[in-house]
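The structure under discussion appears below in the form of structure tokens.
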Amino acid sequence: MASTAAGKQRIPKVAKVKNKAPAEVQITAEQLLREAKERELELLPPPPKQKITDKEELNDYKLRKRKAFEDNIRKNRTIISNWIKYAQWEESLTEIQRARSIYERALDVDHRNVTLWLKYAEMEMKSRQVNHARNIWDRAITILPRVNQFWYKYTYMEEMLGNVAGCRQAFERWMEWEPEEQAWHSYINFELRYKEVDKGRSIYERFVMVHPEVKNWIKYARFEDKHGYIAHSRKVYERAVEFFGEEHVDENLFVAFAKFEETQKEFERVRVIYKYALDRIPKQQAQELFKNYTMFEKKFGDRRGIEDVIVSKRRFQYEEEVKANPHNYDAWFDYLRLVESDAEADTVREVYERAIANVPPIQEKRHWRRYIYLWINYALYEELEVMDEDRTRQVYQACLDLIPHKKFTFAKIWLLYGQFEIRQKNLQGARKVMGTAIGKCPKNKLLKGYIELELQLREFDRCRKLYQKYLEFTPENCTTWIKFAELETILGDVDRARAIFELAIGQPRLDMPEVLWKSYIDFEIEQEEFGNTRNLYKRLLQRTQHVKVWISYAKFELSLEGGERLQRCRQIFEEANKSMRSCEEKEERLMLLEAWKDFEAEFSSDGDVERVGKLLPEKVKKRRKLTAEDGSDAGWEEYYDYIFPEDAANQPNLKLLAMAKMWKKKQQTDDDRDQNLREKAVRDEEEEETDAAAAKDGPENCEGSKVAQEENTFDDRDDSSSSSSEDEEQDREQDGEKENVDKKKEKSKKDEDQD
């Protein structure tokens with residue numbers, strides 16, 4: 001006992017605070033921080049400088065630093081700054097190969113880090129490893145082609161090396177990605193530095209197609225003007241005007257064009273340009289244009305005859321275009337727009353007659369789409385501008401006589417004709433037109449338009465008849481059934497609406513049956529016919545066992561008021577779970593169980609939630625054999641499967657594996673307990689022997705040999721501690737080997753079960 005008591009360490013006594021009352025002067029945390037800052041308590045002294053005198057110390061220093069860097073990386077591989085610091089340190093030691101290896105390892109971790117690529121390439125360029133740097137830039141722009149910084153540095157490096165062809169090739173690769181405008185300007189400036197004006201022109205050609213903005217076209221024209229190519233510059237301006245057309249005109253383009261012609265002393269051209277622009281740009285958007293035009297006229301002339309010149313010139317151009325290609329209907333539209341703005345009615349009619357005389361030679365609808373708008377514009381012109389009702393009616397009738405309705409038709413022309421008759425208060429004529437259309441060529445658009453027309457006139461009986469005709473024409477169209485039922489619902493005839501829905505769901509073929517059933521269910525819910533709604537859900541579940549139907553059914557029961565709503569909802573979930581056990585789509589079954597669990601978590605106790613939680617499946621990775629189209633073996637594929645506890649009886653391998661895991665865990669627990677008991681018994685025997693020996697010795701020997709015993713005990717303790725540490729290391733190694741063997745056995749057993 002004396003030896004054991006001497007071996008125990010003495011624990012110092014903790015000073016007890018007698019007065020626990022608060023001090024009179026309280027110190028705040030802010031005051032403590034201020035005092036610490038004033039005294040600089042947190043400032044650490046700089047580390048001592050280490051002088052390395054020989055190679056061995058240098059290698060030792062390198063080893064320590066590398067170990068520290070590797071430890072930092074191992075703690076968190078995703079911190080790229082640690083990788084960069086490590087590589088820069090190796091670079092400072094001129095260990096380029098090691099730094100390169102570190103950068104490559106870092107790229108394996110995060111290959112989309114821009115800074116990492118830049119540091120890597122800069123290191124190679126600093127060390128004058130041109131091919132390595134070129135390789136890195138090539139990899140970077142291949143992986144991250146949208147990072148412009150890579151391209152800028154790559155092309156700059158090639159140009160600094162004097163590799164003009166390589167730099168041009170890099171720019172060409174860059175332009176294939178259609179980058180921002182500054183990249184194109186960099187390429188153009190590069191070519192101009194080497195006096196390659198033709199190549200700069202070709203780049204501008206591609207540039208204005210990729211970035212078709214007015215300022216870019218103006219830059220292109222000024223580029224040509226700057227290098228003395230006046231004709232080319234004028235052609236660029238003309239192309240820009242044609243490119244943007246009349247719908248996207250911009251006053252800046254015409255101002256720049258006019259100023260260019262003004263510098264070339266082409267004053268007539270300037271007048272034509274300004275007038276052309278003023279005819280097409282709204283006045284509120286052409287303030288700057290008008291201002292420049294006024295200044296030009298004050299300098300070089302007056303405003304007489306400008307309109308006649310422009311109109312006559314444009315008319316001549318359009319005449320040439322329609323003579324070259326009479327079936328160019330876009331040219332006819334432009335020509336007619338010009339004539340309508342500045343001509344008499346007879347002249348406009350003459351041009352319209354010439355335009356509609358060019359009937360498409362092929363009776364295919366795609367060739368007639370543009371042509372039919374000539375007739376529409378003609379009829380609208382006669383109605384709105386000339387206000388000739390009889391002539392408008394003749395235009396519509398002639399157009400309908402011309403269209404081959406047996407092959408195709410245009411619902412737009414029929415609807416416009418009917419709306420025209422309505423505007424003329426000829427209701428009978430409008431109905432006659434629409435009836436003729438449905439009789440000759442029934443179409444969805446025609447029937448919808450006719451029904452909307454009668455709805456606006458509040459002729460509900462006619463709408464019913466039209467819906468019946470519509471459904472005879474297309475009985476599979478769910479939207480029509482729904483609209484018909486909605487009409488009856490609005491009119492207050494619920495029985496007719498329900499009968500329509502019943503007829504609809506009884507159709508053998510429907511395009512959107514899920515939408516139809518949902519509309520029917522929503523209709524019954526709105527009518528508060530919950531019994532009918534419940535029957536509808538049951539009928540729908542007889543046709544389909546889709547999980548969304550079950551969940552919707554459960555939510556419906558939950559939305560009702562009453563004491564049994566929770567029990568009904570739970571019963572639906574249970575029935576759904578039973579019916580979906582044979583379902584092959586395990587994800588749908590999982591979706592159902594998760595919805596059930598959410599319901600129990602919100603409305604029930606923890607016991608119900610735990611009961612549903614036990615039904616949730618286990619996610620297991622499996623392998624399956626793939627077969628190619630020709631029947632040959634295509635290897636194995638890994639996939640995830642869900643194992644439901646209810647299906648565990650059908651999976652004996654999984655059950656056997658779980659039992660084996662439990663047995664192994666129990667065996668390991670028993671072994672640990674037996675070992676602890678044996679160690680405790682050995683310690684008790686040693687203590688008893690020590691006590692017996694102390695009792696045999698006299699009191700005189702006890703005091704005289706106390707120091708010797710203490711020394712022996714300390715020596716024995718040191719020896720025992722060293723030997724015990726060695727034994728513990730051996731035991732750990734043996735346990736690690738056993739665990740590895742057990743893991744390999746379990747893994748092989750899992751693979752066999754999955755196969």
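The values are calculated or read from the model by the stated rules, or taken from the named source; none is laboratory data. If you're wondering where the values come from, they're calculated on a predicted model, not measured in any experiment. Backbone-built Cβ (ideal geometry, glycine too); neighbour counts: all protein chains shown. The protein model used for the area step is the full one, side chains on, heavy atoms only, and it has no ligands, DNA or RNA in it. Shrake-Rupley method; radii C 1.70, N 1.55, O 1.52, S 1.80 Å.
Kindly list the residues of the stretch 349-382 that lie in the label zone of PHE408, defined by a backbone N under 11 Å from the point 7 Å along the Cα-to-C-beta vector. The answer is 362-372, whose backbone nitrogens lie closer than 11 Å to the label point.
With a threshold of 30 Å on the Cα-Cα distance, the over-threshold entries among LYS215/LYS412; LYS406/LYS469; LYS412/LYS483 are LYS215/LYS412.
For the pair GLU172 and HIS546 in one chain, pulling the backbone fully straight at 0.36 nm per residue adds 129.2 nm over the alpha carbon distance. In this simple spin-label approximation, ARG337 and VAL109 carry label points 7 Å from Cα along the Cα→Cβ vector, and these lie 6.1 nm apart.
Note on GLU57 and SER127: with the Förster distance fixed at 25 Å, the Cβ-Cβ geometry gives a FRET efficiency of about 0.45.
Spacing of the modelled spin labels on ARG222 and LEU616, each 7 Å from Cα toward Cβ, amounts to 6.5 nm. For the stretch 33-131, with all protein chains present and a 1.4 Å probe, just round the carbon and sulfur fraction of the accessible area to a whole percent. Heavy-atom surface of the stretch 33-131 belonging to carbon and sulfur, 1.4 Å probe: 50 percent.
The simple Förster model, with R0 at 60 Å and r as the Cβ-Cβ distance, assigns GLN424 and ASN72 a FRET efficiency of 0.10. Protein heavy-atom surface of the stretch 159-264, 1.4 angstrom probe: 49% of the accessible area is carbon and sulfur, with nucleic acids and ligands not counted. Remark: the stretch 31-178 carries a charge dipole of roughly 280 debye about the Cα centre, counting +1 on each Lys and Arg Cβ and -1 on each Asp and Glu Cβ. Take every Cα pair under 8 Å whose residues are at least 6 apart in sequence, average their separation, divide by the length of the stretch 148-285, and the relative contact order is 13 percent. Once the chain from MET512 to SER92 is taken as fully extended at 0.36 nm per residue, the excess over their C-alpha distance is 144.2 nm. For the stretch 563-581, backbone nitrogen atoms closer than 11 Å to the point 7 Å from PHE603 Cα along Cα-to-C-beta are found at 563-573. Estimated from the Cβ-Cβ distance and a Förster radius of 41 angstrom, the FRET efficiency linking LYS235 and VAL386 is about 0.50. Based on the Kirkwood approach, the hydrodynamic radius assigned to the stretch 28-153 is 17.3 Å, with every pair of different Cα atoms included.
Taking every alpha-carbon pair under 8 Å whose residues sit at least 6 apart, the stretch 331-388 reaches a relative contact order of 29 percent.
Spin-label model, GLU686/GLU196: points 7 Å from Cα along the beta carbon direction are separated by 8.6 nm. Rolling a 1.4 Å probe over the heavy atoms of the protein chains gives the stretch 310-449 an accessible area of 54 Å² per residue.
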